[in-house]
Amino acid sequence: MMNTVYTPQELDDKDPLKAKISEFSLPDNTIYLDGNSLGPLPTCAEKRASEVVCNQWGQDLITSWNKHKWISLPQTVGNKIGKLIGANEGQVVCCDSISVNLFKVLSAAIKMHPERKVIATTQDNFPTDIYMVQGLLSLLGDEYSLRFIEEDKIETSLTDDIAVLMLTQVNFRSGKKLDMSGITSLAHEKGILTLWDLAHSAGAFPVALDECNVDFAVGCTYKYLNGGPGAPAFIYVAERHQADYQQPLSGWMGHNAPFDFVPDYVPAANVQQNLCGTPGIIGMSILDASLSIFDDVSLKAIDDKSKKLQAYFVSELQHANLLDLFDVISPAIQERGSQIALAHDDAYAICQAWIEAGVIADFRAPNVLRVGIAPLYLRFEDISNAVRKLKVIMTENVFKEVRFQSKHSVT
Ligand SMILES: *Cc1c(COP(=O)(O)O)cnc(C)c1O
């Protein structure tokens, strides 16, 4: 076992990513195991926020759309995200939220397959993904339907009446990671278009959209990409589909000549068509700065460290005799993303007690304590300390105290 040989400090000393922690502005006395939900603040983002607000907006006013290239920020940022998810230039644009982007892509994709009327997904997909399909179906009419397929039977559930297969690569609760390459190619054999949600993938490990021949993808940037609360999301439309793609939220920023101010909508013939209204420049500028964190590290190195931290976490739980108390519902390390899910009937109260002790993780209904492992700023020593604190909470029944029992509105 790793930690019978090395102390956590020794493991941190050997860590090739150890210097990255200094690029984040982290609070004292906090161990952050929730970067899979809201990434922390990069110091470069803090600087950029003040630059964009005080100088660009404050001093240069409307001239900034040209002077500071605000107008092309959705494409600039989109291409930077593209590099992190294996997409060549011109296929990713930054805009809106995952939910809105799903609506655009699903609407466009279903029209590309007029003879097929089924959108398929897993029941355990993130709820907003499912809700957006349900909303779209109410516009499409009765011949269209949503089909739930089982997460462990996707490969055998792909039938040729399915127009679009919408999957989230990493299950938000269990952390299970799907085989993007295999599933996409099986779907294509049945003529099915694929839409991948990269919410828990982008910035966590290497993703190869082009290589896997993915048709469409969406993702958010406030999780592993550290773009800030409500930072704008992204859309990927494979180049081969761009000519036939038409999404219905036909706002002026997706027009092929928005500043001609003509009365008829003509979509841009590229991924830019996904822009709808005026982009939120402040949030997108902060995201743009945050992405520079990834300039000098590879996703492979991030993934390698994540696996080491996860293995270390589990071995520390074992040494603390805590593994028997929880049901580890995440699959084996090679088959999961950068998080571990521990099921326990009192998961909510345990999470609250852990937060009070300075360890921030999160709870996902009905009974999951979700531990996010974001290697850019987590140290082995943090993992060791987090487990030590959990041990106290469990052995002294701290989580049973009344103040940990009532739920806040955001879990
Ligand atoms: C976090 C997350 C979302 C969030 O969607 P927004 O519209 O950006 O709020 C959507 N899907 C998945 C799978 C997620 O994990």
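Laboratory data are not the source of any read-out in this text; all were calculated from the coordinates shown. Because the structure is a prediction, the values reported are computed rather than measured. Cβ coordinates were reconstructed from backbone atoms using ideal geometry, including for glycine residues, and neighbour counts include every protein chain displayed.
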Seminar exercise, completed: Over 27 Å (Cα to Cα) among Lys83/Lys308; Lys153/Lys305; Lys83/Lys190; Lys177/Lys305; Lys20/Lys69 -> Lys153/Lys305; Lys83/Lys190; Lys20/Lys69
Exercise. If amide H atoms are built 1.01 Å from N in the plane of the peptide, which residues on other chains or at least 5 residues away come under 5 Å of the amide H of Asn256?
Worked result: Val266, Ala268
Exercise. Tell me, what ³J(HN,Hα) does each residue in the range 364-377 have, in order and in whole Hz, if you take phi through Karplus 6.51 cos²θ - 1.76 cosθ + 1.60 with θ = phi - 60° and put x for Gly and Pro?
Worked result: 10, 4, x, 8, 10, 8, 9, 10, x, 10, 10, x, 5, 9
For this session: Pop out the ³J(HN,Hα) list for the range 273-285 in order, Karplus 6.51 cos²θ - 1.76 cosθ + 1.60 with θ = phi - 60°, rounded to Hz; leave Gly and Pro as x.
Result: 4, 6, 5, 10, x, 4, x, x, 5, 5, x, 6, 5
For this session: Could you pull out every residue, at least 5 positions away or on a different chain, whose amide H is within less than 5 Å of the one on Gln339? Hs are placed 1.01 Å off N in the peptide plane, and Pro or chain starts have none.
Result: Ile373
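Find out how many positive minus negative residues lie around Lys190, taking Lys and Arg as positive, Asp and Glu as negative, among other residues whose Cβ is under 12 Å from that of Lys190. Intermediate results must be reported in sequence, preceding the final value.
Values: positive: Arg116; negative: Glu155, Asp160, Asp161, Glu189.
In short, -3.
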Exercise. When only DSSP loop residues count, what GluC sites (Glu not before Pro) in the range 140-189 have their Cβ near at most 13 other Cβ atoms within 10 Å?
Worked result: Glu143, Glu150
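So what is the calculated 222 nm ellipticity per residue for the chain, using -39500 (n - 2.57) for each DSSP H run with n of 4 or more, over all residues, to the nearest 500 deg cm²/dmol?
Result for the chain: -9500 deg cm²/dmol, rounded to the nearest 500.
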Exercise. If amide H atoms are built 1.01 Å from N in the plane of the peptide, which residues on other chains or at least 5 residues away come under 5 Å of the amide H of Asn36?
Worked result: Gly372
Problem set entry | Derived scalar couplings ³J(HN,Hα) [the range 324-335; Karplus, 6.51 cos²θ - 1.76 cosθ + 1.60; whole Hz; x for Gly, Pro] | 6, 7, 10, 9, 6, 8, 6, x, 4, 4, 6, 10
Seminar exercise, completed: Fewest to most Cβ atoms within 10 Å: Asp260, Asp215, Asp124 sort as Asp260, Asp124, Asp215
Seminar exercise, completed: In nanometres, the difference between 0.36 nm per residue of separation and the alpha-carbon distance of Thr128 and Ser406 is 97.6 nm
Problem set entry | Bins of 10 Å, starting at 0 and running to the largest distance - Cα pair percent for the range 48-294 | 7, 32, 36, 18, 6, 1
